[in-house]
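A short write-up of the structure that comes next.
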Amino acid sequence: EFRCPLSLELMTDPVVAVDGQTYERADIERWLATHDTSPMSGEPLAHKSLVPNHTLKGLIARHAAA
């Protein structure tokens, strides 16, 4: 649950895209630089805004500290 679906690496700056999926910010920004579609579904995205996923970021931090 803590890995980015694009890079499969542990996320440190998780963000939610309009497709409802959470990605590592750098990975989805790289994708969005050249695509207008969801990397998960291939469907067109209504916009390219990203929202920080503070809850997941906190869970990852607690998991890493354990």
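Sequence-ordered 3J(HN,Hα) estimates for region 29-38 from the Karplus curve with 6.51, -1.76 and 1.60 and θ = phi - 60° stand at 5, 5, 4, 5, 5, 10, 9, 10, 10, 6 Hz, glycine and proline given as x. Distances between placed amide hydrogens fall under 5 Å for residue 37 paired with 45, all partners being 5 or more residues away or on another chain. Along its three principal directions, the equivalent ellipsoid of the chain from the Cα gyration tensor extends over semi-axes of 22, 11, 9 Å, largest first.
Axis angle, to the nearest 10 degrees, between helix 54-65 and the longest C-alpha principal axis of the chain: 40 degrees. In the elastic network of the chain, a GNM with C-alpha springs shorter than 10 Å, the most mobile of 34, 22, 12 is 34. A simple spin-label model places pseudo-atoms 7 Å from Cα toward Cβ; at residue 66 and residue 26 they are separated by 2.6 nm. Dipole check for the chain: with +1 at the C-beta of Lys and Arg, -1 at the C-beta of Asp and Glu, and the Cα centre as origin, the magnitude is about 220 Debye. Restricting the GluC sites (Glu not before Pro) of the chain to loop positions (DSSP other than H, G, I, E, B) with no more than 11 neighbouring Cβ atoms within 10 Å leaves 1. Taking every protein chain into account, the accessible area of the chain amounts to 66 square angstrom per residue (probe 1.4 Å).
Let me check against my output: what whole-number percent is the relative contact order of the chain, with C-alpha pairs under 8 Å and at least 6 apart? Relative contact order of the chain: 35 percent.
The values are calculated or read from the model by the stated rules, or taken from the named source; none is laboratory data. These figures come from a predicted structure and were not determined experimentally. When we count neighbours, we look across all protein chains shown, and the Cβ atoms used for this are built from the backbone with ideal geometry, even at glycine. SASA here: full protein model, heavy atoms, side chains in, ligands and nucleic acids out. Shrake-Rupley method; radii C 1.70, N 1.55, O 1.52, S 1.80 Å.
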